[in-house]
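One structure is given here, and the rest of the page talks about it.
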Amino acid sequence: MTNRSAASRYARALFDVALKEADPQAVERELAAFVDLVQGHEELGRVLVNPAIPAPHKRALVGELAARAGASPVMAKLLGLLAERDRLVLLRDLLEEYRRRLLDHQRVVRAAVTTAVPLPADRATALGQAFARVTGRQVQVTTAVDPAVIGGVVARIGSVVYDGSVKRHLERIREALTQET
């Protein structure tokens with residue numbers, strides 16, 4: 001089993017428990033804070049993923065960190081379980097998968113919009129509203145700039161890409177011209 005699929009399974013279980021016993025958004029914040037803690041302290045991160053360090057030692061360390069941070073019982077149990085099974089390496093992927101599940105539960109999708117020049121805030125908002133009409137969900141828009149787009153917009157919503165860029169139009173024209181000759 002890959003780390004990604006294992007993280008997905010833990011995220012699904014955590015989300016199910018959070019829906020029943022806690023606030024899913026609070027659990028996301030706690031998990032994000034713990035991941036930030038581990039990533040912010042390089043030595044701590046190395047200790048937690050080092051296979052040479054026995055799992056009971058990792059469990060004790062994680063338990064102490066969770067207690068000091070005032071972690072909820074749900075979070076403390078998850079962290080203890082990951083430490084016990086020596087799966088703390090999954091934390092970052094688990095957070096990403098948990099966030100994906102939380103957004104899906106809230107009926108929110110992410111749209112990544114790429115343009116050749118910076119997109120004004122009002123245009124990004126308008127695109128978000130248009131995407132909301134198309135998807136039937138609330139949309140979080142993130143923007144990026146890539147001069148290679150030349151003009152127009154490339155939008156990725158989930159696994160769907162809407163490419164209205166000048167670059168793509170030029171590619172289509174070139175394909176059409178080369179097919180005719």
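Taking residue 45, is it without any contact (Cβ under 8 Å) to a residue 12 or more places away in the chain and either closer than 26 Å to residue 110 by Cα or part of a helix (DSSP H, G or I) (or both)? Taking the combined requirement at face value, the residue satisfies it. Looking across 127, 91, 102, 95, one residue alone is in contact with a Pro (Cβ under 9 Å, 6 or more places away or on another chain) and touching a residue at least 12 places away in the same chain (Cβ under 8 Å). It is 102.
Here residue 86 meets each of (1) on the phi < 0 side of the Ramachandran plot; (2) over 15 Å from the mean Cα position of the chain (by Cα); (3) not aliphatic (A, V, I, L, M) with one exception, condition (1).
Taking residue 150 as the residue in question, decide whether it is touching a helix residue (DSSP H, G or I) at 6+ places or on another chain (Cβ under 7 Å), more than 24 Å from residue 108 (Cβ to Cβ) and not hydroxyl-bearing (Ser, Thr, Tyr). Yes, satisfied. Only one entry in 33, 76, 66 is within 15 Å of residue 95 (Cβ to Cβ) and assigned to a helix (DSSP H, G or I), namely 33.
Computed from the coordinates by the stated procedures, all read-outs in this text should not be read as laboratory data. Computed from a predicted structure; not experimentally measured. Glycine also receives a Cβ, built like all others from the backbone with ideal geometry; neighbour counts cover every protein chain displayed.
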